[in-house]
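The values are calculated or read from the model by the stated rules, or taken from the named source; none is laboratory data. It should be emphasised that the depicted structure is a prediction, and the values quoted were computed from it without experimental measurement. All Cβ positions, glycine included, derive from the backbone under ideal geometry; neighbour counts span all protein chains shown.
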Amino acid sequence: MDPHGGHYLNKAAVLSPLGAARMCQLLLGCTIMALVSHGAGYSANYGTFCMFVWCFCFAVTLVVFTLDITRLHTCMPISWDNFTVSFAMLATLMYITASVVYPVYFIQTDCTDDDCDVQIYRITVTVCSSVCCFPYGVEVFLTRAKPGAVVGYMATVSGLLKVIQGFVACIIFGALANDSEYNLYIATQYCVVVYSLCFSVTVIVIILTVSGRTSSLRFPFDRFVVIYTFFAVILYLSTALVWPIFSFDKKYGATFRPEDCPRGACPWDSKLVVAVFTNVNLILYFVDLVYSQRIRFVSNGTV
């Protein structure tokens, strides 16, 4: 017993739906890493990325689970609820991505007698990785903001959207780095500046919220977030118009995928990925803006 009369260990961290979800995350994560190390294997940048996702999520989940059981998270100078829900949302997105990338590059339709065992391992890894998306999604569902409950910003729809926006921006950066030829025109360089600026501010918002430093700012944080989201919508709208013109117009590029363009090493493919996810992030920022205005309206109406 501690001096305040409570237990040293937090039983609710295990004997609760949230605890069960985290134990499933650990079990599946450990299984995936064991299968990959034993027989499935990985290689190249795509395999390294998938292995990083599984190891990173397992390690952080183990730390979160341990700190929650021992109550040691109360000693940390962070907003615990904001941190855990942000990580759960990020882990869900990372697992979804790995579950798509790994089978695309490592599972073959045909296999020889020697390779069939490896293919079985890789199919099993893909299944376990896909299933593991659900426990993380369940954690987000359990810790999200509920009507009438007082929660941190990251548990709201707007906070969760910030995590998704940052993740989508990382996908855009990956495509830009993969021979996207963005440095050919000033207009496409402008798009890269927009992606970098919006990503940087989004990360700062998340860090300030998770660290619990928003109350110490000399300006209203909620108003800043709404104004920033408005400008992000405008900036992304401009890139959604500029990037396709300077990437797929006949005057500047190719309207259709060139025939002599190898898969995985084609600038046209990278440009297409950037264009698609630019529009995805535009929609996310717009939904974020609408939701933020709705929250402000309800808040003002109840005062």
Return the only residue of 105, 121, 182 being more than 30 Å from residue 38 (Cα to Cα) and at pLDDT below 95. 182
Quick one: is residue 84 in contact with a helix residue (DSSP H, G or I) (Cβ under 7 Å, 6 or more places away or on another chain) and more than 15 Å from residue 129 (Cβ to Cβ)? yes
The one condition residue 219 fails out of (1) assigned to a helix (DSSP H, G or I); (2) over 28 Å from residue 53 (Cα atoms) is (1)
Qualifying position, being touching a helix residue (DSSP H, G or I) at 6+ places or on another chain (Cβ under 9 Å), crowded, with 16+ Cβ neighbours inside 10 Å, touching a residue at least 24 places away in the same chain (Cβ under 8 Å) and assigned by TED's automatic domain parsing to the domain that holds residue 90, among 138, 201: 138
Checking the condition surrounded by fewer than 15 Cβ atoms within 10 Å (Cβ to Cβ) and under 19 Å from the mean Cα position of the chain (by Cα), which residue from 75, 55 passes? 55
Can you find, within segment 222-265, the residue that is modelled with the lowest pLDDT among those that are charged (D, E, K, R) and either outside the structural domain of residue 290 (by TED's automatic domain parsing) or not in a helix (DSSP H, G or I) (or both)? 263
Among the residues that make up segment 106-113, is at least one of them surrounded by 21 or more Cβ atoms within 10 Å (Cβ to Cβ) and of a type outside the set (S, T, N, Q)? yes
For residue 69, the lone unmet condition from (1) under 28 Å from residue 178 (Cβ atoms); (2) at pLDDT 85 or above; (3) over 23 Å from the mean Cα position of the chain (by Cα) is (1)
Can you tell me which of 44, 40, 91 is surrounded by 19 or more Cβ atoms within 10 Å (Cβ to Cβ), more than 27 Å from residue 152 (Cα to Cα) and touching a residue at least 12 places away in the same chain (Cβ under 8 Å)? 40
